[in-house]
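Here's the structure, in structure tokens; my notes come after.
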Amino acid sequence: MAATASNVCVSLDGQRQVLSNASLSIQKGTLHMLLGPNACGKSTLLRVLGGLLKPDSGTFSVPSSIGYVFQNPDHQVVMPTVAADVAFGLGRQKLPAAEVHRRVLEALRLVGMEDCLERACHTLSGGQKQRVAIAGALVQNPQVLLLDELTTFLEAGDQAAVLTAVRAAVDGPQRVTALWVTHRFEELTRADAASFMDGGRVQMTGTPQNVLRRMHRMKGR
Ligand SMILES: Nc1ncnc2c1ncn2[C@@H]1O[C@H](COP(=O)(O)OP(=O)(O)OP(=O)(O)O)[C@@H](O)[C@H]1O
């Protein structure tokens, strides 16, 4: 498994339980989608896996190299040009300039943005910016990508391009594992597996088709 959570409990405000024995297993090299109603705890579980929030109890296991991409790329794409932004994450590694260029280009190729190296970030569409944010995570060679509602603000064309970029990272030579939180049922068609959360715990994990069926049954009740 690339990432697991086992009986994770989190209470915020010192009392209300947001995660209640949440358990999840993500297979290596898969795109795994996490769905569920508003406020059921999806982002909180992602934050635990990303090491941003310490659970009250339970255990979790993720590799040391994780990339995290959030809903709003404006919070993550901070440099003036695409190349500078993607290279930003490599800054601490003090790599030779040629190596930085090679890795930036490779990451941009994966997300289909290699022709935009010198573009000013403020001229990009929302979806292009989101793909630059994904490249910024990929350039650091993560084993796992944690992706929180990447397409909420995007139109259909941009949404499809972002999904294709993540699929390329999962299917490419790096064989990245991706955990993708979404509200959009249509995105499930691009997933390898899915989990449905409700009430602070994972209620079901299975094929995207089975999870979709279960969600439709619940809606019909
Ligand atoms: N820092 C915080 N302090 C207090 N409550 C919080 C905090 N972060 C999240 N919550 C609450 O925890 C619950 C779960 O939030 P979370 O963001 O994990 O849900 P979600 O399933 O991702 O929701 P959505 O689909 O609406 O983004 C919500 O009731 C939310 O208001």
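The values are calculated or read from the model by the stated rules, or taken from the named source; none is laboratory data. Computed from a predicted model, the values in this text were never measured in an experiment. Quick reminder, even Gly has a Cβ in these numbers, built from the backbone with ideal geometry, and neighbours come from all protein chains shown.
Which residues, counting only those in the range 172-221, are in contact with a Leu (Cβ under 6 Å, 6 or more places away or on another chain) and over 29 Å from Asn141 (Cα atoms)? Once the filter is applied, which keeps residues that are in contact with a Leu (Cβ under 6 Å, 6 or more places away or on another chain) and over 29 Å from Asn141 (Cα atoms), the range 172-221 yields Gly200, Leu212. Among the residues of the range 69-102, those that are out of contact with any Asp or Glu (no Cβ under 7 Å at 6 or more places or on another chain), assigned to a loop (DSSP other than H, G, I, E, B) and under 23 Å from Thr151 (Cβ atoms) comprise Asn72, Gln76, Gly89. When the test is whether a residue is of a type in the set (D, E, K, R), within 15 Å of the chain's Cα centre (by Cα) and at pLDDT 90 or above, Arg190 passes it. Within the range 12-42, being at pLDDT below 95 and of a type in the set (S, T, N, Q) holds for Gln15, Gln17, Asn38. Residues of the range 110-129 that are assigned to a helix (DSSP H, G or I) and under 20 Å from Thr152 (Cβ atoms): Cys121, Gly126, Gly127, Gln128, Lys129. Taking Val86, is it without any contact (Cβ under 8 Å) to a residue 24 or more places away in the chain, more than 16 Å from the ligand (Cβ to nearest atom) and surrounded by 15 or more Cβ atoms within 10 Å (Cβ to Cβ)? Here the answer is no, as Val86 does not meet what is asked. Annotation: Asp56 fulfils all but one of (1) under 23 Å from Arg184 (Cα atoms); (2) touching a Cys at 6+ places or on another chain (Cβ under 7 Å); the unmet one is (1).
Only one entry in Pro73, Pro96, Pro80, Pro55 is surrounded by 17 or more Cβ atoms within 10 Å (Cβ to Cβ) and over 19 Å from the mean Cα position of the chain (by Cα), namely Pro55.
Quick one: how many residues across the range 1-21 are within 9 Å of the ligand (Cβ to nearest atom), surrounded by fewer than 17 Cβ atoms within 10 Å (Cβ to Cβ) and under 11 Å from Met197 (Cβ atoms)? Total satisfying the criteria: 0. In summary, Leu24 fulfils each of the numbered conditions (1) more than 10 Å from the ligand (Cβ to nearest atom); (2) in contact with a Leu (Cβ under 9 Å, 6 or more places away or on another chain); (3) farther than 25 Å from Gln130 by Cβ; (4) in a strand (DSSP E or B) with the single exception of condition (3).
Checked against the criteria, Thr44 counts as of a type in the set (Ser, Thr, Tyr), within 19 Å of Gln203 (Cα to Cα) and either within 13 Å of the ligand (Cβ to nearest atom) or without any contact (Cβ under 8 Å) to a residue 24 or more places away in the chain (or both).
Residues that are among the acidic types (Asp, Glu) and closer than 18 Å to Ala83 by Cβ within the range 114-172 comprise Glu114, Asp115, Glu118, listed in sequence order.
Taking the conditions (1) in contact with a Pro (Cβ under 9 Å, 6 or more places away or on another chain); (2) within 12 Å of Met33 (Cα to Cα) in turn, Gln130 satisfies each one other than (2).
A count restricted to the range 148-206 and to residues that are more than 16 Å from the ligand (Cβ to nearest atom), in a loop (DSSP other than H, G, I, E, B) and either closer than 16 Å to Gln27 by Cβ or in contact (Cβ under 8 Å) with a residue 40 or more places away in the chain (or both) stands at 6.
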